[in-house]
């Protein structure tokens, strides 16, 4: 099979190499998947740069956590999947349900990566795709989609119709959160530094858009002039968290994902004024992925794909996803 691999000690996605590797075979409790599509997340750049949890790669590794395809074989003791099933990976290979478990995550150098023609996963890391989606759309969900779902609907303060949600920027998590929240009958406010992207976001159903470069005190503006929000999908981090707290209305929640702007020192006293909370989000479980997929089928949600590339164009896909033209999800498709 062909697979893209990063070398040990990789310091950037430019180090990706397309290689010919032996076809894998599934062992007991494992599923062999022919990958049809993958998508790129922000964390994939950290893995490639050697800045993800665990540091630089210790050995050559196939990257990407997000992929979908068709089961071509199963090992002994597999009971939930059979040849021909359409499936996607689950970000954490050992977190099936319940409280956060962590552990190996797909494409992190310790667990399998999805940027290959064939991938073997443990049965615990496989989820049926939403029936209404094609492979490219399904490949947008294992990291970004489940993260958005967890932020909006898991935990003690799940959304109900009529609530207000703030999303930051136009990346995969934020745009999927916008789509999911709108399907749930919620009003969405969005920020970006690009007026062109804000127009695209408004066309997707955002009720209000704010250019944070034109309005540096955007959190206070949203909290006071727009009435505040019940939930912030906080993908920025320490550098934006204080503004996000200012945007909360009474008893609101900041769902803290926080990887894009990790520097800074937010003062949590702002939460005192709204009786708000901050909840940490690190993707989610396989059970959350199944609940997300059920909601997608019921509500007709179609994950937004900003750009598509072929398997041989993986480096170009990474470059696009890293660049200023990136919007929503960047997908790599395998014929």
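The values are calculated or read from the model by the stated rules, or taken from the named source; none is laboratory data. Only a predicted model underlies this, so the values are computations on that prediction, with no experimental measurement involved. When we count neighbours, we look across all protein chains shown, and the Cβ atoms used for this are built from the backbone with ideal geometry, even at glycine.
Numbers below:
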read-out	value
Matching residues in the stretch 94-107 - criterion: being surrounded by fewer than 23 Cβ atoms within 10 Å (Cβ to Cβ) and over 15 Å from residue 81 (Cβ atoms)	94, 97, 98, 99, 100, 101, 102, 103, 104
Flag for residue 220 being surrounded by fewer than 20 Cβ atoms within 10 Å (Cβ to Cβ) and either under 22 Å from residue 297 (Cα atoms) or assigned by TED's automatic domain parsing to the domain that holds residue 318 (or both)	no
Residue in the stretch 4-29 that is nearest to residue 56 (Cα to Cα), counting only those that are part of a strand (DSSP E or B) and within 27 Å of the chain's Cα centre (by Cα)	6
Residue within the stretch 320-328 that is assigned to a helix (DSSP H, G or I), in contact with a strand residue (DSSP E or B) (Cβ under 8 Å, 6 or more places away or on another chain) and at pLDDT 95 or above present	yes
For residue 133: the one exception among (1) within 21 Å of residue 74 (Cα to Cα); (2) in contact with a helix residue (DSSP H, G or I) (Cβ under 9 Å, 6 or more places away or on another chain)	(1)
Residues (crowded, with 16+ Cβ neighbours inside 10 Å and either within 19 Å of the chain's Cα centre (by Cα) or more than 16 Å from residue 5 (Cβ to Cβ) (or both)) located in the stretch 50-60	52
Residue satisfying condition, being closer than 20 Å to residue 159 by Cα, surrounded by fewer than 17 Cβ atoms within 10 Å (Cβ to Cβ) and either within 20 Å of the chain's Cα centre (by Cα) or in contact (Cβ under 8 Å) with a residue 12 or more places away in the chain (or both), within set 205, 239, 252	205
